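Undergrad: Sharing a structure below in structure tokens format, with a few things to ask.
The values are calculated or read from the model by the stated rules, or taken from the named source; none is laboratory data. This structure is a prediction, so every number in the text was calculated from the model and none was measured. Note: ideal-geometry Cβ built from the backbone for every residue, glycine included; neighbour counts use all protein chains shown. Just so you know, the surface numbers come from the protein's heavy atoms only, side chains and all, with ligands and any DNA or RNA stripped out. Shrake-Rupley method; radii C 1.70, N 1.55, O 1.52, S 1.80 Å.
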Amino acid sequence: MSEWSEWIVGHIDMQSFYASVEIAADPRWAERRQLEDDLTDPPLAVTGDPKRRSGIVLAASPTAKRAGVDTAMRLGEALQACPRLVTVRPRMQLYLDISVRVHDMVRMAFPLYEPFSVDECFFAFPWPSDLFPDPVAAARRLREQIWDQFRIRCRIGLAPNKWCAKMANKRAKKTPGGVVWWPRERVLAELHPLPVEEMWGLRRRAEVLKAQFGCRTIGDVARIPVGRLRDAFGVWGEVIHRWAHGMDPSGMHPGTMRVPHQGFSNRTTLPRDYVERADICVVVLELLDEVCERARQAGQAGRRIGLGLTYEGLTGGFYRAKTLPWPTNRPEELYPTLLALLDRHWDGRGVRAVSVSLDMLTWENSLQLSLFADVPRRTRYWRTVDEIRARFGETAVMRASSLLPAGQIRERARKIGGHWA
Amino acid sequence: MTSIRDGNIFAAMRLLLPEHRATAETYRQQRERRQPPELSEDALTEMQFILQKAAARRKPVRLTLFDQAQDEMLLGIPEIRDGRIWIHTEDGRRLPLDGRRVLRVEPG
């Protein structure tokens with residue numbers, strides 16, 4: 001075994017993941033599809049339910065994109081742009097199953113692996129090493145294995161750290177073979193000519209860098225003293241400075257799927273603007289039930305409860321949280337606080353999205369007894385409700401208020417991440 | 001913001017649905033489930049011989065049965081009735097024997 005001097009980090013991004021899974025699942029298109037030619041795919045889009053607000057394009061195949069279809073476009077517009085467009089409803093559980101299996105393949109191929117999202121993950125291997133003498137060849141082999149087994153194309157960026165691997169991945173999109181490696185000594189030469197908008201993770205900060213600092217390229221950002229960046233962006237200034245110099249100290253966390261939760265948060269976008277307090281309360285209570293159930297399943301309880309409202313047009317709103325004297329995962333203890341937050345901060349505008357969060361978590365290994373409530377009885381009660389729901393589904397036991405027109409739980413129970421399961 | 005200060009920015013920006021975690025956990029549990037060993041023809045024939053002989057002579061056998069958590073031991077006298085094997089235990093119970101769970105049969 002040769003002496004390792006560094007690790008190479010890889011970032012995998014699966015191409016148009018939801019659409020690719022749907023295309024791969026349909027034998028009609030199997031014959032003509034080729035790994036290196038995505039024009040052999042049909043023009044297909046995965047779209048939400050047209051009857052509700054979710055009637056938008058969630059994912060589109062490269063062929064559909066070339067015809068003018070874009071993610072987040074309304075279904076009607078997409079069909080105008082591409083009349084031949086094949087539309088399918090999302091099957092989220094299928095995508096999650098395929099995702100976990102692809103991730104497993106990556107996990108088994110390299111010494112370190114870390115998931116990032118449903119269609120992205122990181123891996124790492126030592127360099128130089130006898131096991132991976134040619135990094136690009138190793139990445140290509142993985143890419144071909146994923147294609148052979150799942151008929152899903154992916155692209156891979158290789159670099160000395162996670163952030164650079166993500167940036168290299170962007171270049172891989174435009175590179176035949178789908179794999180790009182930025183060795184340590186070439187990182188800055190590759191990075192600095194790129195436009196500042198291409199710096200991953202900056203979001204609106206890229207606009208500030210352009211307008212306030214006159215930056216056009218990442219190289220321009222690298223020339224700004226870190227103090228000035230810190231003045232403008234706070235702690236993010238330091239992050240931006242590091243990234244512009246090709247540095248990212250983020251480690252690999254292989255067990256991230258099993259790391260205890262830092263917090264639980266559930267959010268729903270409503271089918272219309274809710275203007276009545278009673279209607280909003282129905283949804284708040286439903287989300288609180290979901291958050292508490294997740295906490296109980298993980299054996300955790302939280303001290304801080306948060307409420308977020310997004311107003312009509314999905315613009316504006318607030319997020320406020322309150323810390324309680326002791327941790328809990330029982331809705332009846334948390335709901336009054338959420339109502340107080342609602343009454344204090346809601347300005348009466350129409351509400352289009354609601355979120356409830358629970359954090360400052362501790363392990364639920366001891367009961368906080370109360371003089372006024374029969375805590376062991378309530379604990380048994382919720383355990384029973386959780387068991388019934390786990391066995392017969394989320395709607396097997398629900399609150400009567402969820403049967404009101406404002407209730408969303410029956411709709412949500414059929415979905416994953418807001419899309420059809 | 002702690003993650004960002006610590007430089008562990010990807011942990012803070014990760015997008016994993018709770019259902020994704022749950023699916024990964026289900027696959028992990030399936031992967032780690034104990035599987036009963038594949039027994040050879042010879043081993044199966046030998047176990048069948050010991051069981052038949054013990055049933056004919058009403059002698060006890062010691063059975064090792066596969067279980068997800070931990071293999072179980074069972075001591076009793078086998079009886080073959082209506083094409084099924086039953087085990088009469090010392091404490092007077094009569095238990096049906098699931099042949100798929102039998103890993104080993106020894107004279108008791």
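Undergrad: For the range A:76-99, which positions are assigned to a helix (DSSP H, G or I) and of a type in the set (A, V, I, L, M)? Show your work before the answer.
TA: So the first thing to find is which residues in the range A:76-99 are assigned to a helix (DSSP H, G or I), and the list is A:76-81, A:92-99.
Within the range A:76-99, A:ALA78, A:LEU79, A:ALA81, A:MET92, A:LEU94, A:LEU96, A:ILE98 meet the criteria.
Undergrad: Okay, moving on. Within the set of pairs 6 or more residues apart or between chains, which connect a residue that is at the interface with chain B (Cβ under 8 Å from one of its Cβ atoms) inside the range A:242-257 to a residue that is of a type outside the set (Gly, Ala, Ser) and in a loop (DSSP other than H, G, I, E, B) with Cβ atoms less than 6 Å apart?
TA: That search, which allows pairs on different chains as well, returns A:ASP248/A:ASN161; A:SER250/B:ASN8.
Undergrad: Please enumerate the residues belonging to the range A:218-249 that are within 27 Å of the chain's Cα centre (by Cα), open to solvent by 30 Å² or more (accessible area, probe 1.4 Å) and among the acidic types (Asp, Glu).
TA: A:GLU238
Undergrad: Given A:THR337, A:THR328, A:THR362, which one is over 23 Å from the mean Cα position of the chain (by Cα), modelled with pLDDT of 95 or more and polar (S, T, N, Q)? Don't jump to the end; show me each part of the working.
TA: Values: A:THR328 fails: modelled with pLDDT of 95 or more; A:THR362 fails: modelled with pLDDT of 95 or more.
Within the list A:THR337, A:THR328, A:THR362, the selection yields A:THR337.
Undergrad: Right, next: Among (1) under 30 Å from A:PRO135 (Cβ atoms); (2) away from chain B (no Cβ under 14 Å); (3) open to solvent by 40 Å² or more (accessible area, probe 1.4 Å), which single condition is A:ARG74 missing?
TA: So the condition that A:ARG74 fails would be (1).
Undergrad: Listed residues A:ARG277, A:ARG303; which is within 25 Å of A:ARG410 (Cβ to Cβ), open to solvent by 30 Å² or more (accessible area, probe 1.4 Å) and touching a residue at least 24 places away in the same chain (Cβ under 8 Å)? Explain how you work it out, then say what you get.
TA: On the way: A:ARG303 fails: within 25 Å of A:ARG410 (Cβ to Cβ).
Answer to the selection: A:ARG277.
Conditions (1) touching a helix residue (DSSP H, G or I) at 6+ places or on another chain (Cβ under 8 Å); (2) more than 23 Å from A:ARG143 (Cα to Cα), marked per residue:
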{"site": "A:GLN34", "(1), (2)": "yes, no"}
{"site": "A:GLY76", "(1), (2)": "no, yes"}
{"site": "A:ALA81", "(1), (2)": "no, yes"}
{"site": "A:PRO90", "(1), (2)": "yes, yes"}
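Undergrad: Go through the range A:100-118 and give me each residue that's touching a strand residue (DSSP E or B) at 6+ places or on another chain (Cβ under 6 Å), facing chain B (nearest Cβ under 8 Å) and at pLDDT 95 or above.
TA: Selection gives A:HIS103 alone.
Undergrad: Within the range A:1-9, is there a residue that is over 22 Å from B:ALA22 (Cβ atoms) and either under 23 Å from the mean Cα position of the chain (by Cα) or open to solvent by less than 20 Å² (accessible area, probe 1.4 Å) (or both)?
TA: Yes, there is a match, as at least one residue in the range A:1-9 is over 22 Å from B:ALA22 (Cβ atoms) and either under 23 Å from the mean Cα position of the chain (by Cα) or open to solvent by less than 20 Å² (accessible area, probe 1.4 Å) (or both).
To keep it simple, each residue is scored yes or no on (1) under 30 Å from A:ALA19 (Cα atoms); (2) in a loop (DSSP other than H, G, I, E, B); (3) assigned by TED's automatic domain parsing to the domain that holds A:ASP273.
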| site | (1), (2), (3) |
| --- | --- |
| A:ARG378 | no, no, yes |
| A:TYR381 | no, no, yes |
| A:THR384 | no, no, yes |
| A:ARG391 | no, no, yes |
| A:THR395 | yes, yes, yes |
| A:MET398 | no, yes, yes |
| A:ALA406 | no, yes, yes |
| A:ARG410 | yes, no, yes |
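Undergrad: Mind listing just one residue for me: the one in the range A:82-99 that is farther than 12 Å from A:ALA64 by Cβ and open to solvent by 10 Å² or more (accessible area, probe 1.4 Å) and, of those, farthest from the other protein chains (Cβ to nearest Cβ)?
TA: Looking at residues that are farther than 12 Å from A:ALA64 by Cβ and open to solvent by 10 Å² or more (accessible area, probe 1.4 Å), I get A:ARG89.
Undergrad: Can you run down the residue pairs with Cβ atoms below 7 Å, 6 or more apart or on separate chains, where the first is in the range B:90-108 and closer than 17 Å to B:ILE80 by Cβ and the partner is aliphatic (A, V, I, L, M) and open to solvent by 60 Å² or more (accessible area, probe 1.4 Å)?
TA: Partner pairs satisfying both residue conditions: B:GLY108/B:LEU75.
Undergrad: If a residue must be in contact with a strand residue (DSSP E or B) (Cβ under 9 Å, 6 or more places away or on another chain) and open to solvent by less than 100 Å² (accessible area, probe 1.4 Å), how many such residues does the range B:63-93 contain?
TA: 18
Undergrad: Ok, one more. Which residue, of B:GLU46, B:GLU32, is at pLDDT 90 or above and either under 30 Å from A:TRP243 (Cα atoms) or more than 9 Å from chain A (Cβ to nearest Cβ) (or both)? Full working, then the answer.
TA: Numbers: B:GLU32 fails: at pLDDT 90 or above.
Criteria check complete, one pass: B:GLU46.
Undergrad: Might you check whether a residue that is farther than 21 Å from A:VAL259 by Cβ, free of Cβ contacts under 8 Å to residues at least 40 places away in the same chain and either open to solvent by 50 Å² or more (accessible area, probe 1.4 Å) or more than 19 Å from the chain's Cα centre (by Cα) (or both) occurs anywhere in the range B:16-34?
TA: Going through the range B:16-34, the residues farther than 21 Å from A:VAL259 by Cβ turn out to be B:33-34.
Among the residues that remain, those that are also free of Cβ contacts under 8 Å to residues at least 40 places away in the same chain are: B:33-34.
This time we only want the ones that are either open to solvent by 50 Å² or more (accessible area, probe 1.4 Å) or more than 19 Å from the chain's Cα centre (by Cα) (or both), so: B:33-34.
Within the range B:16-34, one or more residues are farther than 21 Å from A:VAL259 by Cβ, free of Cβ contacts under 8 Å to residues at least 40 places away in the same chain and either open to solvent by 50 Å² or more (accessible area, probe 1.4 Å) or more than 19 Å from the chain's Cα centre (by Cα) (or both).
Undergrad: Given the condition without any contact (Cβ under 8 Å) to a residue 24 or more places away in the chain, closer than 25 Å to A:ASP119 by Cα and of a type in the set (A, V, I, L, M), answer yes or no: does some residue in the range A:215-233 qualify? Spell out the reasoning first.
TA: Residues of the range A:215-233 that are without any contact (Cβ under 8 Å) to a residue 24 or more places away in the chain, as a first pass: A:215-216, A:223-231.
Imposing the further condition that a residue be closer than 25 Å to A:ASP119 by Cα reduces the set to none.
No; the residues of the range A:215-233 include none that is without any contact (Cβ under 8 Å) to a residue 24 or more places away in the chain, closer than 25 Å to A:ASP119 by Cα and of a type in the set (A, V, I, L, M).
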